[in-house]
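Since the structure comes first, as structure tokens, the remarks are kept for the end.
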């Protein structure tokens with residue numbers, strides 16, 4: 001879906017202040033010769049934190065926060081201020097619509113008889129090695145509120161991974177089970193494996209975050225809303241280059257091909273670029289008759305042109321000192337006559353399709369690469385050559401943004417999500433000042449992963 005942005009998320013998604021890389025990475029250096037890959041349909045990723053270098057060490061000054069574990073709100077806001085647009089964004093945004101968590105008793109610690117006896121042999125994957133371990137080696141196991149992950153797991157069972165059909169049938173029956181019953185079932189039915197490099201070495205790993213933006217839009221062009229989001233033109237073929245971004249803006253033939261294809265109109269062309277890099281978002285649309293409603297736009301296709309980072313373009317010219325949306329927007333305000341030139345430095349354009357957003361659908365994120373809706377705080381993007389979609393994963397990460405040890409589901413991917421121990425955490429949806437964005441923008445820290453394999 002989804003980083004990646006260009007594709008689901010064509011594939012550009014994924015999802016700090018340092019320059020991120022990859023499809024989801026808005027700031028990928030053009031000198032590296034890499035660009036966000038095409039991403040499969042329905043893939044959505046964050047664009048800021050995609051740098052694959054080692055993350056900062058853990059901080060002990062963390063506070064408790066909602067869906068994501070322990071997080072310092074003040075730290076997140078300070079760090080995210082360097083990478084978010086903040087007050088420079090001209091469009092209105094809606095509140096995060098994450099359902100309030102249900103209060104339930106914490107799980108009782110269960111001892112697993114499976115910890116006694118011989119362990120199965122390791123499993124070799126394309127980009128990783130899975131080494132079996134006893135449950136006692138999973139940090140924080142027994143302390144997670146598994147029921148919070150159960151919905152994400154049930155949604156993943158709509159398209160179960162190989163070998164998961166049997167457990168999925170039992171899983172649904174345990175949706176109303178007690179925390180102790182759920183934990184005991186997981187330990188009885190699954191074997192944990194530590195994820196490492198193919199040679200068995202343990203990397204530092206990297207955890208970043210991504211989210212679904214909410215932006216204001218108009219169904220028709222107005223004096224303020226003049227930047228279109230297009231549906232794919234007729235005859236567009238996957239993998240074949242179409243008109244570049246500059247040609248779309250200037251050539252009559254390209255404009256004729258897109259006549260009547262505008263899904264909605266935004267007030268800021270940079271916001272349109274951000275939405276294209278994310279690959280999906282929610283629009284608070286004002287219809288032609290004045291009615292207002294919220295819809296979702298999802299990645300449908302792109303123009304087959306290479307992705308280039310406008311942030312990198314500005315840095316190379318010495319126009320800005322840091323690659324952040326705030327810096328780019330400030331530069332655009334000061335240099336309105338060069339905004340088109342900046343945007344044209346990235347020849348790739350993403351096309352969208354509109355999706356109805358029912359009250360039920362609004363409780364979940366966009367569909368990830370697995371084809372199921374993402375769940376805030378419980379869905380991750382992974383490298384499918386390391387961990388297949390639909391796999392339950394125990395995630396442990398400690399750092400300045402989150403201190404978390406919990407069950408998540410591998411349900412998405414992105415161009416920057418590459419390697420054995422690499423994950424992008426879906427944090428939810430909202431505007432520039434909402435926790436979902438602030439957490440995703442700041443998240444970049446070490447990571448450990450364990451996959452749960454049916455016995």
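Has region 239-246 got at least one residue that is at pLDDT below 95, surrounded by fewer than 17 Cβ atoms within 10 Å (Cβ to Cβ) and either more than 30 Å from residue 128 (Cβ to Cβ) or touching a helix residue (DSSP H, G or I) at 6+ places or on another chain (Cβ under 9 Å) (or both)? Yes, there is a match, as at least one residue in region 239-246 is at pLDDT below 95, surrounded by fewer than 17 Cβ atoms within 10 Å (Cβ to Cβ) and either more than 30 Å from residue 128 (Cβ to Cβ) or touching a helix residue (DSSP H, G or I) at 6+ places or on another chain (Cβ under 9 Å) (or both). If the condition is being surrounded by fewer than 23 Cβ atoms within 10 Å (Cβ to Cβ) and closer than 30 Å to residue 244 by Cα, then region 352-383 contributes 353, 354, 355, 356, 371, 383.
Determine which member of the set 414, 419 is at pLDDT below 95 and farther than 20 Å from residue 149 by Cα. None of the others qualify; the one that does is 414. One residue stands out in region 156-200 among those that are crowded, with 16+ Cβ neighbours inside 10 Å and in a loop (DSSP other than H, G, I, E, B): the one that is farthest from the chain's Cα centre (by Cα), namely 177. Restricting attention to region 318-333, the residues that are over 17 Å from residue 267 (Cα atoms), surrounded by fewer than 14 Cβ atoms within 10 Å (Cβ to Cβ) and at pLDDT 95 or above add up to 1. Scanning region 221-237 for residues that are part of a loop (DSSP other than H, G, I, E, B) and either touching a strand residue (DSSP E or B) at 6+ places or on another chain (Cβ under 6 Å) or closer than 12 Å to residue 351 by Cβ (or both) returns 221, 225, 231, 232, 233, 234, 236. Among the residues of region 310-350, those identified as under 18 Å from residue 243 (Cα atoms) and out of contact with any strand residue (DSSP E or B) (no Cβ under 9 Å at 6 or more places or on another chain) are 340, 341, 342, 343, 344, 345, 346, 347. The set of residues from region 247-268 being under 16 Å from residue 352 (Cα atoms) and touching a helix residue (DSSP H, G or I) at 6+ places or on another chain (Cβ under 6 Å) comprises 248, 266.
Of all the residues in region 178-199, those that are more than 24 Å from residue 122 (Cα to Cα) and in contact with a helix residue (DSSP H, G or I) (Cβ under 7 Å, 6 or more places away or on another chain) number 3. Report yes if residue 283 is crowded, with 16+ Cβ neighbours inside 10 Å, touching a strand residue (DSSP E or B) at 6+ places or on another chain (Cβ under 9 Å) and within 27 Å of residue 427 (Cβ to Cβ), otherwise no. Yes, satisfied.
Please determine, by comparing only the residues of region 402-423 that are in contact with a helix residue (DSSP H, G or I) (Cβ under 9 Å, 6 or more places away or on another chain) and not in a loop (DSSP other than H, G, I, E, B), which one is surrounded by the fewest Cβ atoms within 10 Å (Cβ to Cβ). Looking at the filtered set, the residue picked out is 406. Exactly one residue among 389, 307 is surrounded by 19 or more Cβ atoms within 10 Å (Cβ to Cβ) and under 16 Å from residue 276 (Cα atoms), and that residue is 307. Consider region 130-148 and keep the residues that are part of a helix (DSSP H, G or I) and at pLDDT below 95. The one that is surrounded by the most Cβ atoms within 10 Å (Cβ to Cβ) is 147.
Name the single residue, out of those in region 205-238 being at pLDDT below 95 and closer than 30 Å to residue 164 by Cβ, that is surrounded by the fewest Cβ atoms within 10 Å (Cβ to Cβ). Per the criteria, the residue is 238. Within region 354-375, count every residue that is more than 22 Å from residue 164 (Cα to Cα) and either at pLDDT 95 or above or assigned to a loop (DSSP other than H, G, I, E, B) (or both). Within region 354-375, residues that are more than 22 Å from residue 164 (Cα to Cα) and either at pLDDT 95 or above or assigned to a loop (DSSP other than H, G, I, E, B) (or both) number 9.
The values are calculated or read from the model by the stated rules, or taken from the named source; none is laboratory data. Please read these numbers as outputs of a predicted model, since none were measured by experiment. We place every Cβ from the backbone using ideal geometry, glycine too, and count neighbours over all the protein chains shown.
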